[in-house]
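Here the structure comes first, spelled out in structure tokens, and everything after it is commentary.
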Amino acid sequence: LGLRFRLDLYVNFRPVALLHPDLTPLKNGKGIHIAIFRENTEGQYLGRGRDSGDEHVAEEVNTGKGVERIIRAAFEWAKRHGKKRVTMSDKSNAIPTHRIWQEKFKTVASEYAGIQAEHRYVDALALELVREPSRFEVIVTNNLYGDILSDLGAGLVGGLGVAASANLHPGRRGGLFEPVHGSAPPLAGKGVANPVAAVLTGALMVEQLGHAGAARDLERAVKQAVTDGARTPDLGGTSTTRDVAHAISALL
């Protein structure tokens, strides 16, 4: 969190992509490919508030600058990658401070005529992601909701073992790259940890450093390895961490 805040890495980019049809628990889960843009420097994760005796108050921060720049980042990415729909999610019907998301979304969306801008309350979006995930292309939301929705997204495509993540500041070359699942110390040394999320996170890093072709090679190798049956127990396989890593490396 400290690195995200101090480096002003306001975009937490979390792609949700189905590597193989049999990894989704959904009967209608084909064609899942969603880019989630999670605001990364505001919201409730700032830790503001007070804790005194029986009074515990947490504050949520939404600034015009912070909201506008994450929404713009989502639209810019959609434009560059030929996406036709951006979905913004908030809870403005119950949380008055989320109205700034509505205002900024309308303002920014008006600058991108070729992209459909739609809104979903976060509870409704969670339902629709399970019911019809393939209709969503780009989702932009606040810090807390982005964290929750990206875990839901991971569950739709095989779990946290395949969930990559990048913390970015558009226009800057560097960033912070980490799988969504974190370090998972209880799995250390057992050979059962799924390396796919780490490799896909590496692909995000390689792309950010200007090597898009190499990033695509990594992604293709991961997809083929999974298709060929190199899967750790979390994906229903019997391969070890090292087995999967070797399979991906051989395909490269």
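Figure legend: label point modelled 7 angstrom from the Cα of K84 along Cα→Cβ; residues of segment 106-149 with amide N under 11 Å from it are 115-116. Under the combined filter of DSSP loop state and at most 11 neighbouring Cβ atoms within 10 Å, segment 171-230 retains these trypsin sites (Lys or Arg not before Pro): R172, R173, K190.
Charged side chains reduced to their Cβ positions (Lys and Arg at +1, Asp and Glu at -1) give the chain a dipole of some 720 debye around its Cα centre. Here H56 sits with roughly 130 square angstrom of accessible surface, probe radius 1.4 Å. Placing dummy labels 7 Å off each Cα toward the beta-carbon, the span from A113 to L3 is 4.3 nm. In this Cβ point-charge picture (+1 for Lys and Arg, -1 for Asp and Glu), segment 16-68 has a dipole of about 440 debye about its Cα centre. Each Cα pair under 8 Å and six or more residues apart adds its separation to the average, and for the chain the resulting relative contact order is 22 percent.
With Cα atoms as the point set, the radius of gyration and Dmax of segment 1-100 evaluate to 17.2, 53 Å. The GluC sites (Glu not before Pro) of segment 1-68 that meet both conditions, a loop assignment by DSSP and at most 12 other Cβ atoms within 10 Å of the site Cβ, are E59. Stokes-Einstein, applied to the Kirkwood radius of segment 146-252 over Cα pairs at a viscosity of 1.002 mPa s and 20 °C, places its translational diffusion at 150 µm² s⁻¹.
Radius of gyration over Kirkwood radius for the chain, both on Cα atoms: the Rg/Rh ratio is 0.98.
Measure off, as a whole percent, the carbon and sulfur share of the 1.4 Å-probe accessible area of segment 178-225, all protein chains present. Within segment 178-225, the accessible surface is 63 percent carbon and sulfur. Y145 sits with roughly 30 Å² accessible to a 1.4 Å probe, with DNA, RNA and ligands left out of the calculation. For segment 65-203, the extents of the C-alpha atoms along the principal axes are 51, 35, 27 Å, listed from largest to smallest. Rounded to the nearest 20 debye, the dipole size of segment 117-252 about its Cα centre is 320 debye, using +1 on the Cβ of Lys and Arg and -1 on the Cβ of Asp and Glu.
The N28 and L252 beta-carbon pair, evaluated with R₀ = 30 Å, returns a calculated FRET efficiency of approximately 0.35.
Counting 0.36 nm for each residue step from R242 to D228 and taking away their Cα separation leaves a gain of 3.5 nm.
Here the 3J(HN,Hα) profile of segment 72-79, calculated from phi with Karplus coefficients 6.51, -1.76 and 1.60 at θ = phi - 60°, is 5, 4, 5, 5, 4, 5, 4, 5 Hz, Gly and Pro shown as x. Between the amide H of I36 and those of R14, V16, I139, distances stay under 5 Å, these residues lying 5 or more places away or on another chain, with hydrogens modeled in the peptide plane.
In the chain, taking the dipole from charged Cβ atoms about the Cα centre, the farthest positive-side position among T201, A188, G146 is held by T201. Extension gain for H211-A124 works out to 27.6 nm (0.36 nm per residue, less the C-alpha to C-alpha distance). With each label modelled as a point 7 angstrom along the Cα→C-beta vector, the R131-K65 pair spans 4.0 nm. Near Q116, the amide H atoms lying under 5 Å from its own belong to R85, V86; only residues 5 or more places off or on other chains count, and H is placed 1.01 Å from N. Pairs from the table (K27/K106; K91/K223; K83/K223; K79/K104; K30/K79; K79/K106) lying more than 28 angstrom apart at Cα are K27/K106; K91/K223. Per residue, the solvent-accessible area of segment 1-140 (1.4 Å probe, heavy atoms of protein chains only, all protein chains present) comes to 51 Å².
The values are calculated or read from the model by the stated rules, or taken from the named source; none is laboratory data. Source: prediction; values computed, not measured. Cβ atoms come from the backbone with ideal geometry, glycine included; neighbour counts cover every protein chain shown. SASA here: full protein model, heavy atoms, side chains in, ligands and nucleic acids out. Shrake-Rupley method; radii C 1.70, N 1.55, O 1.52, S 1.80 Å.
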